[in-house]
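As structure tokens, the structure follows; a few thoughts come after it.
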Amino acid sequence: MSVASHEPLVTIERMTVDFDLGGRLVRVLHGIDLEVRRGESIGIVGESGCGKSVSWLAVLGLLGRRARVGGKVMLEGQNLAVLGERELSRVRGRRIAMIFQDPASSLNPVQKIGRQIEEALVLHRGLSGSAARAQAKRLIDRVGVTDAARRLDQYPHELSGGMNQRVMIAIALAGQPDLLVADEPTTALDVTIQAQVLDLIREIRAETGMALVLISHDLGVVSDLCERIAVMYAGRIVEEAPAEMLFVEPLHPYTHGLLAALPDLEAPSQRLIAIPGTVPTPGVDLPGCDFAPRCPEACEACRAVVPPLANSTRRRRVACFRRAPAVGSERIAFSERASELVS
Amino acid sequence: MALLKVEDITKHYVVRQTARLFARKSILRAVDGVSFSIPRGHTLGLVGESGCGKSTTAQLVLGLGPATSGRVLFAGETISAVRDERWRTLRRHMQMVYQDPLGALDRRMPVGEQVVEPLLIHGVEKGAAARRERALSLFEAVGLGTELFKRYPHELSGGQRQRVVLARALVLEPSLLVCDEPVSALDVSIQAQVVNLLQDVKARFDLSMLFISHDLKVVRQVVDEVAVMYLGRIIEQGPPDALFRQPLHPYTAALVSAIPTPRRRMRDRIVLSGDPPNPVDVPMGCAFHPRCPRAIARCRTDAPALSFIGQGRLAACHLVGGNAARVAA
């Protein structure tokens, strides 16, 4: 799946989000920088409230009136942050499409499946009548819905959760987007159905070269589909690395903790290593690194200053004083970690 | 003697096929002949996908609704769903923990009082001070600071709430704890804390548990034996390590291989085609045969029984163990 190029498609620069809670502004996103290249797949992982969904809803201007979004979002030279509702609606669906966790609540319950796919085709591709109908049938066939012709005349409640998520994917594909943002697309599905949907997304990417942003709390799901992974904690990206590196050799103590806390089905059964404490409450800003109170390696500096997300090697970034820039190469970082495992 | 013995229970619901008033009625077989037993101090895991009947089984075990047939024995006594004096006494010894702690707690009552309440209901401990003492000792046992005693549920985090629910379930010193998806609503880092806690309290209070979850990785961490359900029946049962390492039933094999794991990226995944069939319309023969990659002619006509394969393992498949030999002959 190496359709990724080096050409940036979407570049997020210093993006912040504050929610207005009746006069009081609560910051939930503390300035993130992220680049999605054409055709690449990037996973965003983190626990509830870390800002993984909020950041992409902000990109598409879907957060509503109570949100204050700052920073820049560049889509091939165009700054989305300054666009009005009208111009943004030309981006949504056509350039960047988004699918969500619960397909049943994203679909209109009183409209037939076919009509809802056609609507997207009319809007984004300017098709109409029988051309739209034929294209809708092609799309629903493409996403592996069995018995496509009959399904077009059914309502969402007549389809299973897995089938409805396929329909959502069909609608997202209607605009032939350059980027699909999938927010927990398989979280509500059973594992055997999840496997089907992940395979479908993989196939479609291989076929169309569409870039993918996969937002998930499940490290397993993300590792299955993504080439690059960004880990978020309390409204910041704390680590970003190629998938294979992140899982073999996590740099940030939080990533390390997340992986250690994950039970394994095959390794010898052993007690899980839990991360102590809980995620900080948004709006209660401590000086220093947000993870410091839970971090086994926190030092004086960690409690005083927020560590910047800095390149630790050419291909990865980490926001940690204990791990980052001083360590010159991947090899040194690895040996450091290896000695830690031994002791 | 087993603490809990479930003998061939079934639960059928009569449902209308469509929303029309005079539509033909049909039977939904939520649980269709399930038997198992849990020895004292042991934990049985029930796993399977949504609609397989695992939660209905738990309800029948707790006597929360009548079974259509079969019976449940708790310490040698039959559990009925009639809510009489005896039912209440039995219920003192069997407690439950559900998925959503916020839904299980009373939002208008301090959490400490909610842990005291079962003692009042069952008249276990006399005197307010003694009850408070006992509740506080449970707070300590589940790793909650005593300063949280007077807090309300909304002031606690998800993990803390689930600890309160657990403290409340344990305050009566039950011998059986039924957990239905106890960690599914929690984030990974908190999930690990609660899984470890469950292991600790199990040892400390010598609990038997029925542990229901769709997450095989969590189940393996907690249980002594695991039973896999598909459309209302147990199709495979055995010790978790062996069962997950080398599944016998093709459904278990697909289930295990479908779990995405970060440390193993590219691997041979068995992707099942189609959705699980509707429990109103269970296929003839083996219920799994329409999705089974290995189905043979016999699977379409005969339903395989759950039978012993050896080494504490059971499977309901014509292609496994003794069954396979018979097919070949």
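The values are calculated or read from the model by the stated rules, or taken from the named source; none is laboratory data. All figures in this text were calculated on a predicted structure; none of them were measured in a lab. In this analysis, Cβ positions are derived from the backbone assuming ideal geometry, glycine residues included, and neighbour counts consider all displayed protein chains.
Reported count of residues in segment B:72-93, each being surrounded by 16 or more Cβ atoms within 10 Å (Cβ to Cβ) and at pLDDT below 85, is 0. Being at pLDDT below 90, more than 24 Å from A:Ala267 (Cα to Cα) and within 14 Å of chain A (Cβ to nearest Cβ) is not true of B:Ser189.
Across segment B:93-144, the number of residues qualifying as among the charged types (D, E, K, R), part of a helix (DSSP H, G or I) and touching a residue at least 24 places away in the same chain (Cβ under 8 Å) comes to 2. Scoring A:Met168 on the criteria (1) assigned to a helix (DSSP H, G or I); (2) out of contact with any Pro (no Cβ under 8 Å at 6 or more places or on another chain) leaves a single failure, condition (2).
Taking segment A:241-276 as the range and being in a strand (DSSP E or B) and under 22 Å from A:Pro296 (Cβ atoms) as the test, only A:Ala241 passes. For segment A:107-121, filtering for residues that are out of contact with any Gly (no Cβ under 8 Å at 6 or more places or on another chain) and crowded, with 18+ Cβ neighbours inside 10 Å leaves 7.
When each of B:Val178, B:Val183 is tested for being within 14 Å of chain A (Cβ to nearest Cβ), of a type outside the set (Asp, Glu), within 22 Å of B:His42 (Cβ to Cβ) and not in a helix (DSSP H, G or I), the lone residue that passes is B:Val183.
Taken as a whole, the condition of being facing chain B (nearest Cβ under 9 Å) and touching a Pro at 6+ places or on another chain (Cβ under 7 Å) applies to A:Leu219. Residues that are closer than 21 Å to A:Pro8 by Cα and of a type in the set (A, V, I, L, M) were ranked within segment A:202-221; the one that is surrounded by the fewest Cβ atoms within 10 Å (Cβ to Cβ) is A:Ala206. Taking the criterion of being over 22 Å from B:Gly123 (Cα atoms) and among the aliphatic types (A, V, I, L, M), the residues of segment B:56-74 that qualify are B:Ala58, B:Leu60, B:Val61, B:Ala67, B:Val72, B:Leu73. The residues on offer are A:Leu225, A:Leu214, and the sole one that is within 12 Å of chain B (Cβ to nearest Cβ), in contact with a helix residue (DSSP H, G or I) (Cβ under 9 Å, 6 or more places away or on another chain), over 14 Å from B:Pro262 (Cα atoms) and of a type outside the set (Ser, Thr, Tyr) is A:Leu214. Could you list, in sequence order, all residues of segment A:247-283 that are crowded, with 17+ Cβ neighbours inside 10 Å, at the interface with chain B (Cβ under 9 Å from one of its Cβ atoms) and closer than 30 Å to A:Phe19 by Cβ? Answer for segment A:247-283, where residues must be crowded, with 17+ Cβ neighbours inside 10 Å, at the interface with chain B (Cβ under 9 Å from one of its Cβ atoms) and closer than 30 Å to A:Phe19 by Cβ: A:Tyr254, A:Gly257, A:Leu258, A:Ala261, A:Ala274, A:Ile275, A:Thr278, A:Val279. Checking each residue in segment A:185-208 for being touching a Lys or Arg at 6+ places or on another chain (Cβ under 8 Å) and part of a loop (DSSP other than H, G, I, E, B) picks out no residue at all. Per the listing A:Leu159, A:Leu83, the residue uniquely modelled with pLDDT under 95 and within 14 Å of chain B (Cβ to nearest Cβ) is A:Leu159. Going by the conditions given, is A:Ala230 under 26 Å from A:His30 (Cα atoms), buried (at least 21 other Cβ atoms within 10 Å of the Cβ) and either more than 14 Å from every other protein chain (Cβ to nearest Cβ) or free of Cβ contacts under 8 Å to residues at least 24 places away in the same chain (or both)? Judged against the criteria, A:Ala230 is a match. Checked against (1) outside any loop (DSSP other than H, G, I, E, B); (2) surrounded by 17 or more Cβ atoms within 10 Å (Cβ to Cβ); (3) touching a Lys or Arg at 6+ places or on another chain (Cβ under 8 Å), A:Gly144 passes all but condition (1). Residue-level check: of (1) more than 12 Å from every other protein chain (Cβ to nearest Cβ); (2) touching a residue at least 40 places away in the same chain (Cβ under 8 Å), A:Thr208 misses just (2). Being assigned to a helix (DSSP H, G or I) and either within 14 Å of chain B (Cβ to nearest Cβ) or at negative phi (or both) is a description that does not apply to A:Ala182. Taking the criterion of being outside any strand (DSSP E or B) and more than 22 Å from B:Pro118 (Cβ to Cβ), the residues of segment B:61-92 that qualify are B:Pro66, B:Ala67, B:Thr68, B:Gly76.
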